[in-house]
Amino acid sequence: MNNFSNLKLFPLLIPEDQTLTKFSGFIQIYNKSFNFRISMKNPQKISTAKIQCNKELENLLIDSKEIISKRLKESENLNSFLLEFSQIIQQKIEPVLRNEINTSFQPKNPIYFQFLFDEINEIGWEKIQLIDENLSKIQINLKDSKNRTIPIFAQIPPEFPFAKPIIEAPFPVSFENDEEMEEENQQNTRNEKITKNQNYKGSFQKVINKITREFDKYQDLWDNLDDFDSNTCVIEPENPTLLEPSRKILFGKHCSIQIVFNIKFPRSVPSIKFFGSDPIILPLKELLKKDINKWDPKNLVRKNLEEILKIEFPKKTSSSLNDFGPECGICFGYQNDGKSPDIFCSNIQCARPFHNSCLYLYLKFQSSDEFGTIYGKCPYCSHEIQTTKPIDFQEKKQD
Ligand SMILES: [Zn+2]
Ligand SMILES: [Zn+2]
């Protein structure tokens, strides 16, 4: 068991059998986990190993094939190879992560900071919830008439103030095409310096005023979102805000329901999708279809759903999450490559959710794939379960 215990840095890689020549599972780098499998003819000779991984990792390592085969030849054992391998991934992933967090490490315009600080002074520092380390993204918390916090985000381009910030608000908004704003700017001495450039004609404060004036139109949507956030167990978005008009909520035995609100008519029938074991969710789908005419647009969406589906959505408690959590029964994670578990055990007593790729890898050890579909037994209750080969699951070979 030497090799196995050596893999303690990679606890999600599990040997497929006692020969310790094949390992599969996940490699986790930063907040990402990648499906990964390595197989060798002989555990002492890892230079002959073959690697399989998911599409995302494959794309990431597209130019690293040579270095990977070099490392395979040079590494003394599997563990030292995996360390090298994860460093290669790390180097590749860092720029991607940096890009995801912030797109601008570019040098900034010399008057950037002066203008930005003037803008923030005008807004009031107490409304600033967050400024990123590059001073290029700001979260401003606004309040509506019911004292609810509405976060808006300003992405400031490096050319600011000669280029316009991008504002992310609950509805589209921009610095452009606002005559009233332009008129006011002409009287504004501070901005006179830059009106010559004809680029930046707004001020944050005016955009904020414009956004706040729109808030009244969204009260009904926000009442509904608030009602879900305080009275149900919301699993998506992970940190729900009033910016996202959708909620995925958990209800009994690993099942969930996703609701996407109609923004214009928030109390009308939303778009509804069920996730869960068929024997549990099929009757609910039937009920919804049969009784949809009982939907009363005077009521909140949650109340309508509970009445039509004849269920009461559980509140967010640690026990509801522990017993009936939405996470995958194999990797115990919720998101894997951005996907939530979508295969469910059809034994109503079990109803466990699995990621397609996790279940596929698991079932592959038990049986072989027949025309893309693989059959086996649920790891929890041994009930028959099947899945298909994930589309992005490709074999990668190293010679
Ligand atoms: Zn999983
Ligand atoms: Zn099961």
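Computed over the alpha-carbon atoms, the range 199-252 gives an Rg to Rh ratio of 1.17, Rh here being the Kirkwood radius from the mean inverse distance.
Scattering from the range 327-394 was approximated by placing one identical point on each alpha carbon and applying the Debye formula without solvent; log10 I(q)/I(0) at 0.13, 0.17, 0.20, 0.23 1/Å stands at -0.31, -0.53, -0.74, -0.97.
Ordered from longest to shortest, the equivalent ellipsoid semi-axes for the range 258-361 are 28, 15, 14 Å, each the square root of 5 times a Cα gyration tensor eigenvalue.
With neighbour counts taken as other beta-carbon atoms within 10 Å, the residues Ser256, Ser33 rank, fewest first, as Ser33, Ser256.
With 0.36 nm allotted per residue and the present C-alpha distance subtracted, the Glu56-Gln18 stretch has 10.7 nm of extension available. Tell me the mean residue ellipticity at 222 nm calculated for the chain from its helices only (DSSP H runs of n ≥ 4, each -39500 (n - 2.57), averaged over every residue, nearest 500). Only helices count here, giving -10500 deg cm²/dmol. For Phe117 and Arg148, a Förster radius of 30 Å and the Cβ-Cβ distance give a FRET efficiency of 0.60, rounded to the nearest 0.05. Compute the helix-to-body angle for 356-366: its Cα long axis versus the longest principal axis of the chain, expressed 0 to 90° and rounded to tens. Helix 356-366 sits at roughly 0 degrees to that axis. Gain on full extension, evaluated as 0.36 nm per residue between Ser367 and Asn134 minus their Cα-Cα distance, stands at 78.7 nm. Length gained on full extension, Lys217 to Ser80: 43.4 nm, using 0.36 nm per residue less the C-alpha separation. Suppose R0 equals 45 Å. What FRET efficiency, 1/(1 + (r/R0)^6) with r the Cβ-Cβ distance, do Val269 and Glu126 give to the nearest 0.05? Efficiency computed from Cβ-Cβ geometry: 0.65. Looking at the chain, identify the longest residue range that excludes and avoids all GluC sites (Glu not before Pro) in DSSP loops having at most 13 other Cβ atoms within 10 Å. Counting at most 13 other Cβ atoms within 10 Å as exposed, the longest clean stretch of the chain is 313-394.
Rg and Dmax of the range 249-290, based on Cα coordinates, read 11.4, 34 Å.
Put simply, the C-alpha atoms of the chain give a gyration tensor, and the ellipsoid matching it has half-axes of 46, 35, 15 Å, longest first. Each residue in Val96, Val301 was given a count of other beta-carbon atoms within 10 angstrom of its own, and listing them fewest first yields Val96, Val301. The modelled label-to-label distance between Glu307 and Asn209, using points 7 Å beyond Cα along the C-beta direction, is 4.3 nm. Taking a point 7 Å out from the Cα of Gln386 in the direction of its Cβ, the residues of the range 315-343 whose backbone N falls within less than 17 Å of it are 343.
Divide the volume of the convex hull around the Cα atoms of the range 2-101 by the residue count and you get 87 Å³ per residue. Please compute, over every Cα-Cα pair in the range 217-296, the percentage with a separation greater than 17 angstrom. Of all Cα-Cα pairs in the range 217-296, 49 percent lie more than 17 Å apart.
Every read-out reported here was derived from the displayed coordinates using simple, explicitly stated rules and does not represent laboratory data. Predicted model only: the values in this text are computed from it and were never measured. Backbone-built Cβ (ideal geometry, glycine too); neighbour counts: all protein chains shown.
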